[in-house]
Every structure is written in structure tokens, then in C-alpha cells.
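Chemist: This structure is in C-alpha cells; I'll ask about it shortly.
The values are calculated or read from the model by the stated rules, or taken from the named source; none is laboratory data. The structure displayed is predicted, hence computed values, not measured ones. Neighbour counts run over all protein chains shown; Cβ positions are idealised from the backbone, glycine included. Accessible surface areas use protein heavy atoms only, side chains included; no ligands, DNA or RNA. Shrake-Rupley method; radii C 1.70, N 1.55, O 1.52, S 1.80 Å.
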Amino acid sequence: IFECDECGSLQCQRCEEELHQQERLRNHERTRIKPGHVPYCDSCKGANGNIMHASMMGSRQRAAVRCQVCKINLCVECQKRTHAGGSKRKHPITVYHAGKTQEEEEGMDEETKRRKMAEKVVSFLLVDETEEIQVRNEEDFINKLDCNPDQHLKVVSIFGNTGDGKSHTLNHTFFYGREVFKTSPAQESCTVGVWAAYDPVRKVVVIDTEGLLGATVNLSQRTRLLLKVLAISDLVIYRTRADRLHNDLFKFLGDASEAYLKHFTKELKATTARCGLDVPLSTLGPGVIIFHETVYTKLLGSDHPSEVPEKLIQDRFRKLSCFPEAFSSIHYKGTRTYNPPTDFSGLRRAVEQQLENNTTRSPRQPGVIYKALKALSDRFSGEIPDDQMAHSSFFPDEYFTCSSVCLSCGCGCKKSMNHAKEGVPHESKSRCRYSHQYDNRVYTCKACYERGMEVSVVPKTSASTDSPWLGLAKYAWSGYVIECPNCGVVYRSRQYWFGNQDPVNTVVRTEIEHVWPGTDGFLKDNNNAAQRLLDGMNFMAQSVSELSLGPTKAVTSWLTDQIAPSYWRPNSQILSCNKCNTPFKDNDTKHHCRACGEGFCDGCSSKTRPVPERGWGPAPVRVCDNCYENRGIQLDVAELPTDEEGGTLIARKVGEAVQNTLGAVVTAMDIPLGLVKDAARPAYWVPDHEILHCHNCRKEFSVKLSKHHCRACGQGFCDECSHERRAVPSRGWDHPVRVCFNCNKKPGDL
């Protein structure tokens, strides 16, 4: 930032402060570095910082080049002296292009300096036509503006019909006619979305918007985007080239004011609190300048000089029943163009006058501007169904409210858009009607209601105080129960042999509630007795299976050895595959080759052929790969089976037939078991045939990956994603049962 000639160095802000706090350095003359700065030559100073050839040159020289290898700046004289010969002659250098001298810059007039500052300004796409912000974050926004992050700025935006020259107006008002914002003589609109640029002269962010009444798709979303830009603006220019002010102008500003007060004021306050912004976002809207250019008609108020144009505009708003209460001020600025080009000097002065007024809207840092736009985009986004549009207004409530519709009565939610992200439930002011399809009745305890409390209750299989098996027994005898957390069990469906009354007439009262898309609904069938019975039987079967796994394997191995031919190696001696040497684990199956009798894994003994020399024939039997390849080799007479071995061989064949038959029976039993599970499934569970993959990790289910239902939401999960245990009283599970990770994270009772 600074160059100190006496220190002989360039210094940042912190170094300059720390160095020149010292007494001996305090009186050094420092120069603030400007764009295009050329440093002094590093070789001109001696060991003590003295100028080596100052007497010859008369003054210290500015550098002409920078050596990229030596990392030093050199004037022409020092470059010849140090880099003219030897290896340094080949060093790459960068040439400094000296700009205008300080005296020349000081000689420029103020207008020329401003034009020079505006030469480097470029615009960028801020928000596209689908309301997606095109800058990654706050830092990217500041970099594209090319401004200081601590600089306090205001925002100026422009609105108007397509083809009225909005981009042209901004270019001539702020950037001296340079085409910062693209203009085009074509019929198609040249501005799509929202574009932004930084005016370094007036310290403002200039925003160009897409024109109204254009032939565009997503018209509703693009119109909503205009109001987001208006909400973050400090000054709005409404550009019109109509010879007379149309009602559309007043209707647009009136509807924008109403929507701003209704939807954006509260959100801007919430953004201030949520983001911890030091500068509060004003809840009062921006100032408005109506820039009216005519050719053949007089300007507003010119017929009667005593009448103020702003007063005539307010009267026009009142006649149309449009009240622009949200705007801090409304000004009229007109120009009559007898011969082109248009005179923008009057508009420029009016804009500069409004920007100097900080009584209502104060400047803020660019990061605050980005956070406000990001918050509004996150809140008010998403597609807008055309069938819900009220086209009598420029900014109907449907642009900013939730688009969800009750499945039972068809009324819409009145909450703001994307309220579900903050955990706020849907809400409608109208009453709902009962639908048998959704069973949208809610039961509340009548006794608690009379005591001033509203406690929801649901029918379920058993009471929370009953054990699982005792609850099943009571359910079989006296039916389902309705239990209140305060009053206990208030109803049993078969409490008496006859004369049992409906709970609605005795212990509960009903309310009809809305059914919103994506919610669990109001299924009252929480009778899960059948599923409880299956869960209990599965648990018992699994426990017995796990406890008996070891003894079963040992007994099976012993029985196999008893009926095996004598030439087979005993199972207890087979520890690994005889070919690939893979060790056998507890769950691995050992296979004997019918030819040699050794033990193999399934991969090394998958071939089959008759082995008549061992008594296996004519049907093919399992042999190892080696014996399959050596099928031509015959056994010696001594190796042929004896009569005793023949009997053992018959026993082995019978054993294999029994095993195959039992396996087929077990497989056949799996089919009716699946049918029983579907019949016992609670009503809110997703059917097994519809569950193809885990609802959480998306793994596909297979024979090896079992599917499990979460007792809270009813979706299908793998074991890893649903191994938590928790009570689900709302579904009739009063004891800890399987729930998924997502349901387990929910606070309170499920």
C-alpha cells in the first residue's frame, strides 16, 4: 500500500504502522501506491541503502525491468551493468510500462478521472432466469464486483418493459456510454436474468433486470425474481418510453409494494437476526425514480407549472386503488427527446441526489447485500403451478406462499415458501372435510379436553404397561385399547360380552385435520398383533438357530463321517481345500471328490462325471478338477470297493437324497411364510414387493441382504440402517422396537 523512499521498501498497512511508530523512522516520507505503480531500482542503493550512482543520474531511478530469476527490480543502467554478460544475460525479465506521471494525473479534470475509472468495469450474471444464484459464495460475489470487502455500497436497479432501453440507460447514466450491460437491436431480449456491475465512482452496485411483457417461459418465476431484486435495492429506476404513463406502471409498483410489506419485511428482519448482520436491513422499501422519456407529448406537469409531478403521480395511484406504501419515496424525472440521443444528465443528477440521502437506507458492505439476496432466494424459490395463479396481480400470493394442497379438501397452505426446512408445519385457515380414503380423523381424550388439555390418543393392540406377550393375550380376549397418557386405558373394544359402545360416543372426541402431501397421514389401524406374533416367533427361531449352530455342525460332520466310504478323508482332518489350500471357515461347506476322496471347496470340485470304478454310476457325481482331467486312468483291483464298502456307499447315497429332499421342503416353506408376512403387515408399512433398496443407503436388497421395516415410518431398511431400538407409542409399539436412523434422531415420543 505504501512506498517509503527512506526505508527503501514497499510496505503493507501493518508493516507501515509498526515501522514508523519508531522515533527514528517517524518522519519518513511515504507515498501511497496507485494502480500502475513502478518501483525503484533495487540495485541503485548500496549496503546501507545509499544511492550508488545518484551523483551521475541526479536522482534515484525507477525500475525498467524485473529479473524473474534474481527477483530484483533494475533500472536501465543497472540492467546493463549487472545483466549484460555472463549467464545472467539469459535470465527472463518483465518490462515495466510506465504510466502517466503524477503531475499528468493531477492535471486531469474530474470528469476525465471518472471516465478512466469506469473503463475497467464489466458486468456479470448474478441470477439466471430460473432464480439460481450464479456466484458461489460471498467471496466470489466480491471478487466479481472487484471492490473492497469493507467498502460500504448502495444498490441501484432498473425495471421497465422489454425494449424500453433499460441497459442503455444504465450504461449512459453510470458508465459514460460504455456498453457494460449488453444492448442489441434484435427483437429478442438481450438481458436474460439479472446482471450486476460495480460503479467505482459513485460506490454503488448497479443491477440490470429482464424486461416486463416479454415473450419468455417461466414468467411467474421471472416476475418473482424482480421483487427479490427490488427488496435488496436502495434505489429503483422505472424506465418507460411511453408518451403517456400507462396503468401498468402504477399497477406494478402498487402490487410490488403490497407483496414487499406482506412477504419480504418479515423475512428481511429474520435475515438480520439469523446472519448476525451489523447493518440492519431496512424494512422500508427503496426509493423510486420514474424516468419518463417522451417524443411527441409534453412531460408530466408541464401544462401547469404550479402542480408538482409527484403530486399528480400520487393522485393517479389513489384513483387506481394502488397504494405504494412500501417505498420510501417516489420521484418523477422526465426528458423530451426532440432529436436523439437521449439526455441522461437530469436522471444522473437525480440518482446522485438520492444516493447521498442516508436517512432511510444506509450503505452496507457487499457481503451484507449477498446474504440478503441469498436468504430471499432460499426462502422464495421453486416452481409455481400455473393452475394456481391469480393473474389479476403482478405479484400474487402464490409467488411467495407454499404450493402444497390438502389431499382431502383441496385448500392450499398459507405458510411462506420452503417453511418445511425450518420445521414449521403446513397450515390452512379453512376447515377440512373427512375423507374415508385418508381417514383424517384425530382422536383426543374427552376427559382431558374438559380439563383444558388437548391430548391425542390412538387405538392400538395393547397398553403400554402390558408386556408384549401379555398384551397379545389381552388383545385376543378383549380387543384393541385406547390409552391416554394422563387417564390410562379409557377404552377396550371387546370389554363386555355384548353392548360395547363406539369410543366416539363415550371417551374420545374427533377432529378433522388436513392431509398434506408427504405426511404420514392419519391411519388409525395401529393393531399390530399379527406382526408382534411374527416378530416373537422370528426372535425365538433365530435364538434357537444361533445357539444350536455349533452343535448342529458338529453332529452333522460326525454323521457324515459315519456313512462316508472308507476312502474318504474324515471331515475332522480336512482343514483346507486340497487344491487351492483355502482354509475352511465355520460356515464353509466341505465337498468330497467321489474319485479320490479328498476334501475340496466348491470352486475346485464343481465338475461332475460318472465314477463307476468307485461304484458311482451311471449318474454323474461331484469330482475334483484333477480327477476330471484324468478320467482315462483306471483304478487297481485292490482299490475297488468291497461288499462292506458297497453298503456304506448305499448309505451315503440315501443320506444325500434325504438332504436334497429336506432342502426342497425348506425352500417350499419360504413361499407361504412370505404370504403370512404380507397378511400380518400393519397398514402403514410399505409392502415388501415395493421395497427394492434400502430407504437410507440405497443398497439393493438380495438373498444375502435382508429387508427390515422401521416401526415408526414403515419404510424398508437394511439392518445397518435400522438397528436402533425405541418405543413408538403413536403406532402402538409401547416397548423398544426396530426404528431407522432418521426416526431415532427425532426428539420426543415417536
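Chemist: List every residue pair whose Cβ atoms sit under 9 Å apart, with the two residues 6 or more apart in sequence or on different chains, where the first one lies in segment 109-138 and is aromatic (Phe, Trp, Tyr) and the second, anywhere, is open to solvent by less than 100 Å² (accessible area, probe 1.4 Å).
Modeler: So the pair list comes out as Phe124/Gln134; Phe124/Val135; Phe124/Lys144; Phe124/Leu145; Phe124/Trp195; Phe124/Ala196; Phe124/Ala197.
Chemist: Continuing with this model, one more query. Looking at (1) out of contact with any Asp or Glu (no Cβ under 7 Å at 6 or more places or on another chain); (2) open to solvent by 70 Å² or more (accessible area, probe 1.4 Å), can you tell me which one His292 breaks?
Modeler: (2)
Chemist: Still on this structure, please answer the following. Any residue in segment 7-23 that is assigned by the TED database to the domain that holds Arg62 sitting within a Cβ distance under 7 Å of a residue that is of a type in the set (Gly, Ala, Ser)? List the pairs, counting only those 6 or more apart or interchain.
Modeler: Note: pairs meeting the criteria are Gly8/Gly49.
Chemist: Suppose we filter Glu210, Glu179 for residues that are open to solvent by 30 Å² or more (accessible area, probe 1.4 Å) and charged (D, E, K, R); which single one remains?
Modeler: On the way: Glu210 fails: open to solvent by 30 Å² or more (accessible area, probe 1.4 Å).
Being open to solvent by 30 Å² or more (accessible area, probe 1.4 Å) and charged (D, E, K, R) holds for just one of Glu210, Glu179, which is Glu179.
Chemist: Give Ser456, Ser408, Ser430 a once-over and let me know the one that is at pLDDT 75 or above, under 41 Å from the mean Cα position of the chain (by Cα) and open to solvent by less than 30 Å² (accessible area, probe 1.4 Å).
Modeler: Just one listed residue meets the conditions, Ser408.
Chemist: Still on this structure, I have one more. Asn27 fails exactly one of the following numbered conditions: (1) part of a loop (DSSP other than H, G, I, E, B); (2) at pLDDT 75 or above; (3) within 19 Å of Arg66 (Cβ to Cβ); (4) open to solvent by 30 Å² or more (accessible area, probe 1.4 Å). What is the number of that condition?
Modeler: Asn27 satisfies all of (1) part of a loop (DSSP other than H, G, I, E, B); (2) at pLDDT 75 or above; (3) within 19 Å of Arg66 (Cβ to Cβ); (4) open to solvent by 30 Å² or more (accessible area, probe 1.4 Å) except (3).
Chemist: Out of the residues in segment 475-512 meeting the condition of being surrounded by 19 or more Cβ atoms within 10 Å (Cβ to Cβ) and in a helix (DSSP H, G or I), tell me which one is modelled with the lowest pLDDT.
Modeler: Tyr475
Chemist: Within segment 423-457, how many residues turn out to be without any contact (Cβ under 8 Å) to a residue 40 or more places away in the chain and touching a Ser or Thr at 6+ places or on another chain (Cβ under 7 Å)?
Modeler: Selection size over segment 423-457: 3.
Chemist: Just checking, how many residues over segment 701-746 are open to solvent by 10 Å² or more (accessible area, probe 1.4 Å), assigned to a strand (DSSP E or B) and closer than 14 Å to Asp688 by Cβ?
Modeler: So the answer is 2.
Chemist: Go through segment 232-252 and give me each residue that's of a type in the set (A, V, I, L, M) and farther than 13 Å from Arg316 by Cβ.
Modeler: Selection gives Ile232, Leu235, Val236, Ile237, Ala242.
Chemist: Let me ask something else about it. Could you check segment 1-24 and list, in sequence order, the residues that are under 21 Å from Cys44 (Cβ atoms), of a type outside the set (A, V, I, L, M, F, W, C) and surrounded by 15 or more Cβ atoms within 10 Å (Cβ to Cβ)?
Modeler: Glu3, Gly8, Ser9, Gln11
Chemist: If you don't mind, there's one more thing I want to ask. If you scan segment 604-618, which residues turn out to be over 18 Å from Asn630 (Cβ atoms) and either open to solvent by less than 30 Å² (accessible area, probe 1.4 Å) or in contact (Cβ under 8 Å) with a residue 24 or more places away in the chain (or both)?
Modeler: Selection gives Gly615 alone.
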